[in-house]
1. With θ set to phi - 60° and the Karplus curve 6.51 cos²θ - 1.76 cosθ + 1.60, what are the ³J(HN,Hα) couplings of the range A:124-141 in order, to the nearest whole Hz, using x for Gly and Pro?
2. Dimensions of chain B along principal axes (Cα, Å, largest first)?
3. With a sphere of radius 15 Å drawn around the Cβ of A:MET37, what net charge do the other residues whose Cβ falls strictly inside it have (Lys, Arg +1; Asp, Glu -1)?
4. When the helices in the protein assembly as shown are scored as -39500 (n - 2.57) per DSSP H run of 4 or longer and the sum is shared across all residues, what 222 nm value do you end up with, to the nearest 500 deg cm²/dmol?
5. So how far, in whole Å, is the C-alpha centre of the range B:237-306 from the one of the range B:327-368?
6. Once each part is reduced to its C-alpha centroid, what is the distance from the range B:22-55 to the range B:380-403 in angstrom?
7. Can you give the average number of partner chain beta-carbon atoms within 10 Å of each beta-carbon in peptide A:107-113, as a whole number?
8. Quick one: order A:LEU233, A:LEU29 by neighbouring beta-carbon count within 10 Å, fewest to most.
Amino acid sequence: MADYIYHDQEIDSDKSNDYIIKVSGLSKLYNEGLPSMVKALDQVSFGIKKGKMITIFGPSGSGKSSLLNILGCMDSATSGSVFLEDIRITELSERELADIRKHMIGFVFQEFLLIPTLTAIENVLLPVIPGGIKKEDRERAMNLLTQVGLKERVKHKPKELSGGEKQRVAIARALINNPKIIYADEPTGNLDTKTGDEIMQLLRNLNQELGVTIVIVSHDPSVWDKTDYLLKLKDGQIDPHKITS
Amino acid sequence: MSLQTISFALKNTFRKKSIAFISILGIGIGIALMIVISSATISMDKMMTDTLASRVGDVEVTEYGKPPVLSALPENITTIINTIESKDQIKFMSPEIVVNGFTQFTSAFELPSMVNLYARGIDLKNDELFEGPTTRIIDGEIYNDTLEIIVADLVMDIAEKEYPGWLKIGSVIPFQINATYSINLTLTGTYETEENPAALLVEPIFVMSIESARSINSLFLPESFTGFSAVKIRFNSETINKTQTYAEELKELTPKMTVSLLGYFGGTVEDLLLIFDVFSTVISTVSGIAGAMAILVAQLMGVNERLKEFAIMKATGWKNRTIFFEIVLESVVFGIIGSLIGILFGSGLIYTLELALGQSFIKLTWQLILLVLGFGLGIGVISGFLPGLKAARIKPMEVLRSS
Ligand SMILES: Nc1ncnc2c1ncn2[C@@H]1O[C@H](COP(=O)(O)OP(=O)(O)OP(=O)(O)O)[C@@H](O)[C@H]1O
Ligand SMILES: [Mg+2]
């Protein structure tokens, strides 16, 4: 069973740069000031060590996706701070966040989100398109597809791929820019147990081979055991109670 | 912006083939119509202005209230004309004699309806000043004896088509004076009609010497009608308005004369051109709006279906402006392909019209093709704007959350 993450004074005073993510006092309010206001995150603080794999879990509505969106530079925080390495991402502009997403972060989603008009390799290269695809990019995409076991599916369109294969393409896409960290929101949610296990195994291999930090959100207890740490959210706060299993 | 962004846009343009096909077809049809009408307008406009430009200072006087064939001006008409205040502005004059009676040609072959079916007796020296028909002989030679004529090549062409071999240099044409009496005229040469058909409005198609004209007229007209019928005057004038003021002076002379401006076709032609112009502008505007709406609807639908794709693009670092550019580019591709198809349809239509009318007066110009492509591009940019903004402005996490 993986260890739980708690807030730790050590994180704030971390001088050795062990932590890739440092969150402190993070709150997120939706519809602030309106009757429909929701407090999705409430004073959350924790750290994630470099090269580790962690799972965030908790009941529906507990703030998992909200947290991931802020960590992933896709949304702004209401208060508190988040460091990605030594960049304080909570105070960056939308354009700067887009740059961070491009160069430091990879995303994997439950729904794969492949572009149907592009082949597997073109989908992997999607993040590189605006800047122009170079020869190295193509080679890298080829290597990644090989690494995720799709050497023979390079030219296939998404509709010719199975769910597991699509998720492998999505994982290769998340890795194309050589990110420091990958966020995966329910990566096995649309897959059967066996395929889900294979995807988890793949993520674990990539984590070990490439040293990339991986943060997963998952409801699925079988995922929890396969990561180094667990973070349980409840009502927007980190739940200090370990589950008994 | 990379080449791949463009090729990415191209791949996405045709993902909904039937919708793409229908909107492109719609734009194509509108543009085809626009091309035909604009081509016709431009060609007619050009024809008219070309013809008019060289004649902007030209007027013709005839006896007041009489058509040229019945006009009788005094022998000393040029002296009278030279009494106007602006006489210094007269560059040169050509007193001419109109001979009526070539009506057999009307029944013999189909001449364009605008052609004047009478002959003119013109002095060679004067004709040279006006660069008239005798300066444009292309076959045979200028008349030098009485009862010799030259004809416009247009008449030769039509005659050759209807009665091959009948009309050629040296042919004798019986000129019907009345039911029982005719006089033989010998054809000595043909002259080139000005390239554009509008010139036929002001040029004769049969030309002979002053003497020939006078002796023919003396055979069947009372003596008072054997003098000059018309005088062409070229003023030193660059605008039709200036010519108009000289024309006013001519109108003050005695005997009273009808003065026509040869560089101005008068209200009807101008009105017609204006109507054409307005019509083509309306058609262009309507097809522009319709085309833009076709693309707009297709693209808005497309963007709505693809929100998640834009979400993942943004999540992986695509900038708003790149996504905007990509959608506008897709719309531009629609617009330009629609224009190309319109040009194709339009050319086909122009070709068919030419075949049907047997004469080409509509010309598709490069300028027009470029203009139409620009128009297609404009339609694309305008109609891509809204869908582009919509796609660029999505918030990835909101799109992904709602799934
Ligand atoms: N854009 C938004 N506007 C308003 N409320 C929101 C928004 N996004 C999330 N919320 C609310 O914030 C709370 C936390 O939502 P969040 O999506 O982070 O939960 P979650 O843990 O990911 O849940 P699930 O397991 O169902 O995905 C919920 O009450 C949700 O309704
Ligand atoms: Mg969620």
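1. 4, 7, 3, x, 8, 3, x, x, x, 7, 9, 4, 4, 4, 4, 5, 4, 4
2. If we take the Cα atoms of chain B, the spans are 103, 53, 31 Å.
3. Values: positive: A:LYS28, A:LYS39; negative: A:GLU32, A:ASP42, A:ASP235.
Once all neighbours under 15 Å are counted, the net charge is -1.
4. On the way: 21 runs with 293 residues, N = 648.
It lands at -14500 deg cm²/dmol.
5. When both Cα centres are located, 21 Å separates them.
6. For the range B:22-55 versus the range B:380-403, the Cα centre distance is 38 Å.
7. Going residue by residue through A:107-113 and averaging, the value is 5.
8. A:LEU29, A:LEU233
Each reported figure results from applying straightforward, stated rules to the coordinates on display, with no laboratory input. As the structure is a computational prediction, the values presented were derived from the model and not from experiment. No Cβ is skipped: glycine too gets one built from the backbone with ideal geometry, and neighbour counts run over all protein chains shown.
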